[in-house]
Amino acid sequence: MRFWMIVWSFVAVALGVFVVANWRVLSAQTALNLVVAQVTAPLGLVMIGAIAVMTLLYLVLLETRALVQTSFTRSPAGGEPSRRAISELRTDLER
């Protein structure tokens with residue numbers, strides 16, 4: 001988990017540096033081909049929107065994992081076999 005936090009932090013910082021370094025180019029109006037339509041918009045706005053959506057999805061994934069983990073630790077209904085399966089699943093997810 002900590003490894004992925006470091007990776008995501010590095011990616012976010014790298015994208016931020018890229019946006020700041022190229023802001024003049026990114027804020028210029030550009031024709032964007034969306035396969036089904038063509039629009040004119042600043043590429044920087046589109047890029048920042050994509051980054052925001054990816055960040056939101058990642059945070060939702062983290063919160064969902066935390067909720068699932070707390071729900072399994074609070075309900076001992078499954079017993080030892082389910083705990084073993086959960087720990088195996090956790091080790092598979094962490095790889």
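Computed from the coordinates by the stated procedures, all read-outs in this text should not be read as laboratory data. As the structure is a prediction and not an experimental result, all values here were calculated from the model.
Run the numbers for VAL13 and ASP92: contour at 0.36 nm per residue of separation, minus the present Cα-Cα distance, in nm.
Once the chain is fully extended between VAL13 and ASP92, it gains 25.6 nm.
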Completion exercise
Diffing the range 88-95: the Karplus 3J(HN,Hα) column from phi (6.51, -1.76, 1.60, θ = phi - 60°), in whole Hz with x for Gly and Pro, holds 5, 4, 4, 5, 5, 5, 6, 6
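Taking only the alpha-carbon atoms of the chain, what semi-axes of the equivalent ellipsoid follow from 5 times the gyration tensor eigenvalues under a square root, in whole Å, largest first?
The answer is 41, 16, 10 Å, longest axis first.
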Exercise for the section: Could you go through the range 9-25 in sequence order and give the Karplus-derived ³J(HN,Hα) for each residue, using 6.51 cos²θ - 1.76 cosθ + 1.60 with θ = phi - 60°, rounded to whole Hz, and x for Gly and Pro? Expected result: 5, 4, 4, 5, 5, 4, 5, x, 5, 4, 5, 5, 5, 10, 4, 4, 6
Completion exercise
Amide H proximity to SER27 below 5 Å, modelled H, separation 5+ or other chain, gives GLY44
